[in-house]
Amino acid sequence: MKGKVVLVFGAGSSGPGWGNGKAAAVLYAREGAAVVAADINLQAAEETCEIIRREGGVCEAYHADVTSSEAIKAVVGKTDELYRRIDVLHNNVGITGMGDVTEVTEESWRRVIDTNLTSVFLTCKHVIPTMQKQKQGAIVNISSLASIQINQYPYLSYYAAKSGLNHFTRAIAAQYAPDGIRANAVLPGVMNTPLIHKQIAGQHEDQAAMLRARNAASPMGHMGDAWDVAYAALFLASDEAKYITGVCLPVDGGKSCVGR
Ligand SMILES: NC(=O)c1ccc[n+]([C@@H]2O[C@H](COP(=O)([O-])OP(=O)(O)OC[C@H]3O[C@@H](n4cnc5c(N)ncnc54)[C@H](O)[C@@H]3O)[C@@H](O)[C@H]2O)c1
């Protein structure tokens, strides 16, 4: 990744510890990339940048809500101004919304689709022209195993959004392959990141019950972590993956191989 510019949306973490976006941003920097860390929570993005700078890396933090085209355009503009190129676009932002069809409000449905799916349409819309000019670029979308497998949670809108994100990824991979732009998705299974304590814990009796259930859902008997997702993303973004595009890669300890 040396000499490359990586733009990560959702580069913070929704709590203490390592989220998928935070780990990916730090890993890109460790491999030599200059990172632009955007997040709706500027302080969280700044924390990621602090870690990168402490390790001797390069990082700039910006506030951006990925549901806003204007906000994304502004961050892409700043990145362009700073570096005149964007080699990797990493879309990490994702939220869940619990409830089946009869329970989910229209507002919640729209929020989940906007945040998980429309957001990636918008970041790609603003970044792809730069990649086309360079005749080179890699897009990594963080989807979910829930895009291909129904699990223990009733998050209908999340299933739909992430499944849409997979096919969106394949469509742009095919469309922009002649421009030297690759697009791939990572499908994390049950991961132990701060997000689950905020967004999933309410589905279980208590935190201990959540951890037990999630560990049991993996054939390996334990959840994965943010670094498992980050290393997969790093590979897909790297030149070593130069002939890989349109792939939706489960990082799930084998969960996609079993029906649970
Ligand atoms: N943790 C898991 O078990 C798991 C499993 C499958 C998929 N995923 C996916 O991984 C991704 C997130 O993982 P994470 O651990 O980094 O989560 P996280 O919640 O720790 O980090 C996401 C970051 O996105 C930011 N964010 C939220 N809404 C935003 C918005 N509208 N605009 C800009 N930034 C926004 C948050 O502030 C946070 O810093 C999501 O796409 C999620 O669906 C996670």
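We did not get these values from a lab; they are worked out from the coordinates using the rules stated. Quantities reported herein were computed from a predicted structural model and do not represent experimental measurements. Cβ sites come from the backbone with ideal geometry, for glycine too, and all protein chains shown count toward neighbours.
General remarks:
- Relative contact order of the chain, defined on C-alpha pairs under 8 angstrom at six or more residues apart (%): 20
- Two-decimal ratio, segment 68-135, of alpha-carbon radius of gyration to 2.2 N^0.38 Å: 1.39
- Computed lengthening from ALA209 to GLU240, 0.36 nm per intervening residue step minus Cα-Cα distance: 7.1 nm
- Cα-based equivalent ellipsoid, segment 133-188: semi-axes from gyration tensor eigenvalues, Å: 27, 9, 7
- Proximal lysines relative to LYS255, as straight alpha-carbon distance under 26 Å, when same-chain residues fewer than 8 apart are discounted: LYS22, LYS162, LYS198
- For GLY224, nonlocal amide neighbours, meaning residues 5 or more places apart or on other chains whose placed amide H falls under 5 Å from its own, are VAL190, MET191, ASN192.
- One compactness figure for segment 5-248 is 0.96, namely its Cα radius of gyration divided by 2.2 N^0.38 Å.
- Equivalent ellipsoid dimensions for segment 1-142 as semi-axes, Å, which come from the Cα gyration tensor, largest first: 26, 18, 12
- DSSP-defined antiparallel bridges as percent of all bridges, the chain, nearest 5: 0
- For segment 218-233, backbone phi angles converted through the Karplus equation (6.51, -1.76, 1.60; θ = phi - 60°) give residue-by-residue couplings of 9, x, 7, x, 8, 6, x, 10, 4, 6, 4, 5, 5, 5, 5, 5 Hz, Gly and Pro being listed as x.
- Difference of contour (0.36 nm per residue) and Cα-Cα distance, ILE148 to LEU82: 19.9 nm
- Cα-based helix-to-principal-axis angle, 20-30 vs the chain, degrees rounded to 10: 30
- Net charge over other residues, Cβ less than 10 angstrom from the Cβ of ASN92 (K, R count +1; D, E count -1): 0
- Crossing angle, helix 207-216 versus the chain [Cα axis fit, 0-90 degrees, rounded to tens]: 80
- Projected area, mean over directions - segment 1-82, Cα convex hull, nm²: 4.8
- Listed residues ALA171, ALA208, ALA45, most fluctuating in the chain (Gaussian network, C-alpha, under 10 Å): ALA208
- Cross-link partners of LYS73 among lysines (Cα-Cα below 21 Å; sequence separation of 8 or more within a chain): LYS4, LYS125, LYS133, LYS135
- For the chain, CYS124, CYS248, CYS257 have no disulfide-compatible partner, since no other Cys C-beta lies under 4.7 Å from theirs.
- Cα-centre dipole for the chain with unit charges at Cβ (Lys and Arg positive, Asp and Glu negative), debye to 20: 680
- Gain in span if fully extended, SER69 to GLN134, counting 0.36 nm per residue against the direct Cα distance: 21.2 nm
- Rounded tilt (10° steps) of 119-134 against the dominant C-alpha axis of the chain: 30
- Given R0 = 41 Å, the distance between the Cβ atoms of ASN41 and HIS167 translates into a calculated FRET efficiency of 0.90.
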